[in-house]
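Any read-out appearing in this document is the output of simple, stated calculations on the displayed coordinates, not a laboratory observation. Keep in mind the model is a prediction, meaning the values are calculated, not measured. Here the Cβ is made from the backbone with ideal geometry for all residues, glycine too, and neighbour counts use every protein chain on show.
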Amino acid sequence: YLGAWDEVAPAGTTRPAKWALARSWALVRALAIVGLLGLALTDPQPRWLAGEVRTTLIVLDAGAHMRATDEVPSRFEKARMLAEAAVSASVRSGEVMVAQLDADVTPLSGWERQAAPLQAGVRASAVSSVGTRFAALAAFAREQLRGKPSPQLIVATDGAFESAEAAP
């Protein structure tokens, strides 16, 4: 019986076939790992995984009242830190714009999805010598956020705006 088997499939030929199959599976696994690592390096962000896309306008109050030093650091520096934190949190969910508010609104960045230019915009903000005019913010926010997906407005301020009666 064993002699007949040796004639059909010699002992040396069954092992190499088994090892060839094992080597091909190892190659397939290695290629799959390399492919998945390559995909991960592209930083894919599918919509179903990222959640809802939001459009965020972050406005930093730069009116003269923000010069007050009753807080440490100043009111303006505290608002700047809050704006930087808001940029870090908001940039993951969609487009973000940073602006500065005093008598008028001054954009400090365009609509961005990267944190670096937005943080640079926050750092470029400076306190003004004029008061804060909230009506300017309302008009700017309506214009910028109209038609955007899930618009959100974040204002880093101490809340000292002009009264509604004083607005033109």
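Residue by residue through region 123-128, which ³J(HN,Hα) values in whole Hz follow from phi under the Karplus form 6.51 cos²θ - 1.76 cosθ + 1.60 (θ = phi - 60°), with glycine and proline marked x?
The phi angles translate into 5, 7, 5, 8, 6, 9 Hz.
Can you report the principal axis dimensions of region 37-152 using only the alpha carbons, biggest first, rounded to whole angstrom?
52, 32, 18
Please give me the summed charge of the neighbours of I154: other residues whose Cβ is under 12 Å from its Cβ, Lys and Arg +1, Asp and Glu -1.
-1
Could you list which residues have their amide H under 5 Å from that of R54, counting only those 5 or more apart in sequence or on another chain, with H placed in the peptide plane?
Amide H neighbours of R54, under 5 Å, 5+ apart: G94, E95.
Sorted by packing (mean other beta-carbon atoms within 10 Å per residue), highest first, where do 31-38, 114-121 land?
Going by the mean number of other Cβ atoms within 10 Å, highest first, we get 114-121, 31-38.
Which of the chymotrypsin sites (Phe, Trp or Tyr not before Pro) found in region 61-168 are in a DSSP loop and have at most 16 neighbouring Cβ atoms, other than their own, within 10 Å?
Passing sites in region 61-168 are W111.
How much length would be gained if the chain were fully extended between Q114 and E143, taking 0.36 nm per residue of separation minus their Cα-Cα distance, in nm to one decimal?
Taking 0.36 nm per residue and subtracting the Cα distance, the gain is 8.2 nm.
Check L108: other-chain or 5+ apart residues with amide H under 5 Å from its amide H, H built from backbone geometry?
V98, A99, Q100
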